[in-house]
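Worksheet: one structure, shown below.
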Amino acid sequence: MSAKDQIIALPNPHLRGKSKRVKVINDEIKKLMQEMQKATIDWEDSREHEVGVALAAIQLDKPYKIIVVRNNFDNKEDKSFSIFINPEIVKLEGEVEEDYEGCLSVRDIYGKVPRHSKVRVRAMDEQGREVRIKAEGFLARVFQHEIDHTNGLVFVDHIKDKPEAFFELTADGKLESMPYEQVEKAGIFRD
Ligand SMILES: [Zn+2]
């Protein structure tokens, strides 16, 4: 089994559960943080037009509040990540903006999701030291998406009543509107 095959996808109900806080960064947690990075890169290597930007532990079916975020979104050669343990949104700021999002756990469906343009996050790094981050733009979006995962939310939950907000990727890597009947049949919505 390759690393990316460990990634679970909707309609797996585990993605709608709340993850637990990490109390001790033990060997199990250290191994998980490695596996999360490996799975993200392995997934990216299997996709021609996409970047594996970030992952939450629940996407490997491990319900811990851990997220890994790529350090460089624009250069696929830079395969390094930052790790955030028990990340929390301290404050949402700025305007609400709509932009495209995809998710390794929502296969081949993309959405235009409203998110705040700025966010303040508090977390621990992999050494257990407290970190505070002020993010804006795409990084702010990534934090909101990933911290949602730790709370059992998936991006489609924000747009389920907006039929025009769903997109699919064409063979040449463009996003095209996806018929809502097709979206509904994919089983990605909560019952
Ligand atoms: Zn996701």
Where a residue in the range 131-149 is over 18 Å from K65 (Cα atoms) and its partner, wherever it lies, is assigned to a helix (DSSP H, G or I), with Cβ under 7 Å and at least six apart | A135/F143
Do any strands (runs of 3 or more DSSP E) lying entirely in the range 61-144 carry at least 3 residues that are within 15 Å of the ligand (Cβ to nearest atom), under 30 Å from N12 (Cα atoms) and at pLDDT 95 or above, and which ones are they?
-> 66-70, 81-103, 106-124
Any hit, the range 49-69, residues being touching a Gly at 6+ places or on another chain (Cβ under 7 Å), surrounded by 20 or more Cβ atoms within 10 Å (Cβ to Cβ) and polar (S, T, N, Q) | no
Across the range 13-35, what is the number of residues that are surrounded by 14 or more Cβ atoms within 10 Å (Cβ to Cβ) and either part of a loop (DSSP other than H, G, I, E, B) or among the hydroxyl-bearing types (S, T, Y) (or both)?
-> 3
Out of all the residues in the range 43-60, which are more than 12 Å from the ligand (Cβ to nearest atom) and part of a loop (DSSP other than H, G, I, E, B)?
-> S46, R47, E48, H49, E50, V51
Does any residue of the range 101-108 turn out to be loosely packed, with under 13 Cβ neighbours inside 10 Å and under 23 Å from D157 (Cα atoms)?
-> yes
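The values are calculated or read from the model by the stated rules, or taken from the named source; none is laboratory data. Just so we're clear, the structure is a prediction, and the values are computed from it rather than from any experiment. With ideal geometry, Cβ positions are generated from the backbone for all residues, glycine too; neighbour counts draw on all protein chains shown.
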